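Engineer: Would you mind keeping the following structure in view while I ask a few things?
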Amino acid sequence: MSIDTAIAPRHDLMRPLRYLWRVPWLLLHIVLGIGLCSLILSWNRQAVMKHGREPFAHRGIRWWSSTLLRIFGLRPVRVGQPLADPVLFVANHTSWIDIIMLYSQRATCFVAKAEIARWPMVGWMAASASTIFHRRGSNHSLSAVMQAMVARLRSGRSVAVFPEGGTGYNGILKVFHARIFQAALDAQVPVQPVALLFSRDGRRVIDAGFREGENFMQNIVRLLGGAPMEAQVHFLTPVPATPDARRRMAELSRERIAAALDGETASDAVA
């Protein structure tokens, strides 16, 4: 189904009313998240998928993430099927909510910017979920991240990365960095592109992620009061491994994600 670009309604009279019930539910859900990290992930953090079956901790992460999306008025929709662990998922990136969207479908280890580790509570929760933190612009940090990615993949965990190296705006898909694909080659695991998009009434909403100049808290407040949308996670055809051409793997991943964002792929959707 073709999804056209559309900006969210600017005059939304229901926005103040949505805050009245969403904010209390969000605070309660954060408390539940703290309990999830403390009671489940603390003792089952290294659990891996066996014979295609998710461990209890992974199902807990997916439930918490799916519920968080619904509190924000986002209905999670999966299109296509994710490969069984371990796999390197590569996705487009527009905001912090991308991580929650992927978590709602598969509990993976994310590679995230090091600044998140210092965010109150959020950093602790991210670390509890086995996030790999990277200091942008540091070659030493990138080398350590690559080693950590390979180790997680070889242990049976999937890893998710955003090859654009940062968030984009207004639906623009930036160039994918190729070096990150080396981790999949070293660990000998498949690469599966994932397209993340938002839609309302069959039309793609391109400004649900960060707007230019918008910070983390501003985006949370805007989304929390926004009209309902679908949060679509498209699992696309895996990219073949080409040891002599990481750049080609990156380009092919980007092409498949771009086609999905433009509505050029079709598959069964699961809410």
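Engineer: Between Glu214 and Asp12, what length in nm is gained on full extension when 0.36 nm per residue of separation is reduced by their alpha carbon distance?
Structural biologist: Net length gain for the segment: 70.8 nm.
Engineer: Quick one: Ile99, Ile257, fewest Cβ neighbours within 10 Å first, how do they rank?
Structural biologist: If I rank by nearby Cβ atoms, fewest first, I get Ile99, Ile257.
Engineer: What distance in nm lies between label points placed 7 Å from Cα along the C-beta direction at Tyr169 and Arg53?
Structural biologist: The answer from the label model is 4.9 nm.
Engineer: Moving on. At a Förster radius of 30 Å, what calculated FRET efficiency corresponds to the Cβ-Cβ distance of Ala258 and Leu39, to the nearest 0.05?
Structural biologist: About 0.15, to the nearest 0.05.
Engineer: Please order Asp244, Asp201 by the number of other Cβ within 10 Å, starting at the fewest. Don't skip to the end; give the middle numbers.
Structural biologist: Working: Asp244 7, Asp201 10.
Result, fewest neighbours first: Asp244, Asp201.
Engineer: If you don't mind, there's one more thing I want to ask. Report the full-extension gain for the segment Lys113 to Tyr19: residue separation times 0.36 nm, less the Cα-Cα distance, to one decimal in nm.
Structural biologist: 30.9 nm
Engineer: Are there any trypsin sites (Lys or Arg not before Pro) in the stretch 168-230 that are in a DSSP loop and have at most 16 other Cβ atoms within 10 Å? List them by number.
Structural biologist: Lys174, Arg211
Engineer: Just rank Met101, Met229, fewest to most, by other beta-carbon atoms within 10 angstrom.
Structural biologist: On the way: Met101 26, Met229 21.
The order, fewest Cβ neighbours first, is Met229, Met101.
We did not get these values from a lab; they are worked out from the coordinates using the rules stated. Computed from a prediction, not measured in an experiment: that's the story for all the values here. Cβ sites come from the backbone with ideal geometry, for glycine too, and all protein chains shown count toward neighbours.
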